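Remarks on the structure that follows.
The values are calculated or read from the model by the stated rules, or taken from the named source; none is laboratory data. All values derive from a computational prediction rather than experimental measurement. Here the Cβ positions follow ideal geometry from the backbone for every residue, glycine too, while neighbour counts run over all protein chains shown.
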Amino acid sequence: MDSINNYRLEIKDLVVKVEDKLILNGLTLSMNKGETHAIMGPNGSGKSTLSNILAGKSGYDVVSGSINFCGNDLLLMSPEERAVLGVFLSFQYPLEIPGITIINFLKTAYNSLLKARGKDEISASDFLKLIRDKQRILEISDEMTRRNLNVSFSGGEKKRMEMLQMLLLDPYLTILDETDSGLDVDALKSVSNAINLLRSKNKFILVITHYQRLLNYVIPDYVHILYKGKIIKTGNKQLALDIEKNGYSGITEAA
């Protein structure tokens, strides 16, 4: 991935069905390294489908189109291969996993990534130092990382844990699916700080959201409106503010 400077994310004419229902209908999107793009749209427009397709979730029928990331055909890669490549998805509804502590989960994930990339695993002491540096950014205590993964966590705590995973794995392409859902103001600021820290490293960041409040803290380079499975309008942060004020009806009716 050292040659990532030469590559982009290119989604071309993507058509996706679920159980014969058309979800994405010729979606096309380009991202350059260092850019942050936001995708907004009404319910059912295909936002979460796009995030799942990028991450490699099963259950979707890709009828046609292509996704190329850093010279790699993502559609030919397993979710594990995409993770090794540097693709990270922050879920809209993070899963609870009883019996597995957060600290063990994160250490296993990090060492698995190192191993897949041909690097030596990290020692327990070095890992604790590394993870605590990330915890401070998100105001996450050691007591919290000793709990079972997401079990009995609030929505905000789950999202903070996902941001901790993101900072630890340091992905090249980060897809944030409704990351601002269920966050209070303090948690929103904390999560935004983590995203902006990753953004400062000139990565690819795709923010999928219903509302523009996250975009007050993570200012996107481009805002796209997704409707009936395709992008119908592209603008800057002002487009998100217009949607917040006037809704989608004017844009969707014109489309």
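Here are the numbers:
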{"read-out": "Where a residue in segment 227-248 is touching a residue at least 60 places away in the same chain (Cβ under 8 Å) and its partner, wherever it lies, is assigned to a loop (DSSP other than H, G, I, E, B), with Cβ under 6 Å and at least six apart", "value": "Tyr227/Gly41; Tyr227/Ser45; Tyr227/Ala255; Gly229/Gly46; Ala240/Gln212; Tyr248/Pro42"}
{"read-out": "Residue within segment 77-87 that is assigned to a strand (DSSP E or B), within 24 Å of Lys159 (Cβ to Cβ), in contact with a strand residue (DSSP E or B) (Cβ under 8 Å, 6 or more places away or on another chain) and at pLDDT 95 or above present", "value": "yes"}
{"read-out": "Residues within segment 77-110 that are basic (Lys, Arg) and under 18 Å from the mean Cα position of the chain (by Cα), tallied", "value": "1"}
{"read-out": "Residues within segment 95-154 that are surrounded by 13 or more Cβ atoms within 10 Å (Cβ to Cβ), under 22 Å from Arg82 (Cβ atoms) and among the hydroxyl-bearing types (Ser, Thr, Tyr), tallied", "value": "2"}
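Yes/no matrix, rows are residues, columns are (1) without any contact (Cβ under 8 Å) to a residue 40 or more places away in the chain; (2) in contact with an Asp or Glu (Cβ under 9 Å, 6 or more places away or on another chain):
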| residue | (1), (2) |
| --- | --- |
| Asp120 | yes, no |
| Arg132 | yes, yes |
| Leu168 | no, no |
| Thr179 | no, yes |
